[in-house]
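Below is one structure, written out as structure tokens, with a few remarks after it.
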Amino acid sequence: MIFLGGGAITAVRTVRAQKTMPVIGFLAGTSPGPFAAFVAAFREGLSQTGYVEGQNVAIEYRWAEDHYDRLPALAADLVERTVDLIATGSMPSALAAKHATSTIPVVFETGVDPVKTGLVSSFARPGGNLTGVCMLTAELLPKQFELLSELVHQASVIGLLVNPTSSNAERMISDVQEAAGSKGAHLDILKAATETAIDGAFAALVQLHADALVVAPDPFFVNRRGQLVALASRNSLPTIYPLREFTASGGLISYGANITAAFRLLGTYAGRVLNGEKPGDLPIQQPTTFELVINLSTAKALGLAVPQTILARADEVIE
């Protein structure tokens, strides 16, 4: 005869009660504060599929606080807790989730080509347990360099700031070096993976007499956008960024996809998977439009006259 004591019965009931509400593990390499708007967009997308956090779905958040080496352990913790789905907010966190589980569904947002990095087998049919949204921000770097050269046409020395821990760092450097070569500009590569290193990179740019700066796409830089914009302003350095959020914070110019829309779409994908669709059958979503945003107040402070050719193409002009 098997006998369950009162405590054991309570435990069983608790497990059953917990299982009535699916649990999403949200894994990100950054910090919650600067990422709050993107998490809100994710929740909005979830709600469009019928899931509201705290009512019929629970979300467990794991933040690496810009220390990407913590991601594998955080992903393993979510797998150990047997969450129903893992949502990730960058390529490093997506790779950590992929290595942690081959059975729990994973939906990801990334700016790096997920096929070239081996995350999925194809855009149309990802296969396995992963799918998501790819903004292809890294592929836009040559275009960003071109826009910056058009805006600061006298620039002969241009810096490129990259996060050396990014899996795509070397490719991004190569792409911008090629673009700089075609313009006859000298390119200086600056690397930063910490707040202190960002300060050091800008000090180096001053020593190098850089005329302008390209900030490569990276979750860490998105997290530190306030610091980056402030340093660019303090050093009177015209800078182009990969996302509108930088320009809205006072940056000069940005060109890229809408990251808020990407996280909203990520939320709808999470809801669809919770509703029974297989992630491997859901195609990787890509943006069809890109936003060119100019901050005229910042341009004025820098003494820059924005060419009409750029203003005519701008999707948004911040006065």
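The values are calculated or read from the model by the stated rules, or taken from the named source; none is laboratory data. These numbers were taken from a predicted model, which means no experiment stands behind them. Heads up, the Cβs are rebuilt from the backbone with ideal geometry, glycines too, and the neighbour counts pull from every protein chain shown.
Remark: pairs (first residue in region 66-81, closer than 9 Å to A96 by Cβ; second residue outside any helix (DSSP H, G or I) and among the β-branched types (V, I, T); Cβ separation under 8 Å; 6+ apart in sequence or on different chains) = Y68/T165; A75/I86; A75/T101. Identify, from the list G127, G132, G118, G89, the residue that is more than 28 Å from P32 (Cα to Cα) and not aromatic (F, W, Y). When all the criteria are applied, what remains is G127. Among residues of region 222-250 that are under 17 Å from A37 (Cα atoms), those with a Cβ under 6 angstrom from a residue that is among the aliphatic types (A, V, I, L, M) and not in a helix (DSSP H, G or I), sequence gap 6+ or separate chain, pair up as R244/V293; T247/V293.
Quick check on this structure: which one of Q144, Q227 is within 28 Å of L311 (Cα to Cα), at pLDDT 95 or above, buried (at least 24 other Cβ atoms within 10 Å of the Cβ) and among the polar types (S, T, N, Q)? Only one candidate qualifies: Q144.
Taken over region 195-238, the criterion of being of a type in the set (S, T, N, Q) and farther than 17 Å from D66 by Cα is satisfied by Q207, S233, N235, S236. Annotation note: of V120, V157, V176, the sole residue that is surrounded by fewer than 17 Cβ atoms within 10 Å (Cβ to Cβ), touching a residue at least 24 places away in the same chain (Cβ under 8 Å) and among the β-branched types (V, I, T) is V157.
So is L190 surrounded by 20 or more Cβ atoms within 10 Å (Cβ to Cβ) and not in a helix (DSSP H, G or I) or not? Give the derivation first.
Numbers: surrounded by 20 or more Cβ atoms within 10 Å (Cβ to Cβ): yes; not in a helix (DSSP H, G or I): yes.
Answer is yes for this residue.
A262: closer than 18 Å to V112 by Cβ, in contact (Cβ under 8 Å) with a residue 60 or more places away in the chain and touching a strand residue (DSSP E or B) at 6+ places or on another chain (Cβ under 8 Å), yes or no?
Values: closer than 18 Å to V112 by Cβ: yes; in contact (Cβ under 8 Å) with a residue 60 or more places away in the chain: yes; touching a strand residue (DSSP E or B) at 6+ places or on another chain (Cβ under 8 Å): yes.
Spelling it out, A262 is indeed closer than 18 Å to V112 by Cβ, in contact (Cβ under 8 Å) with a residue 60 or more places away in the chain and touching a strand residue (DSSP E or B) at 6+ places or on another chain (Cβ under 8 Å).
For G132, the conditions (1) over 17 Å from S93 (Cα atoms); (2) touching a strand residue (DSSP E or B) at 6+ places or on another chain (Cβ under 7 Å) all hold with the exception of (1).
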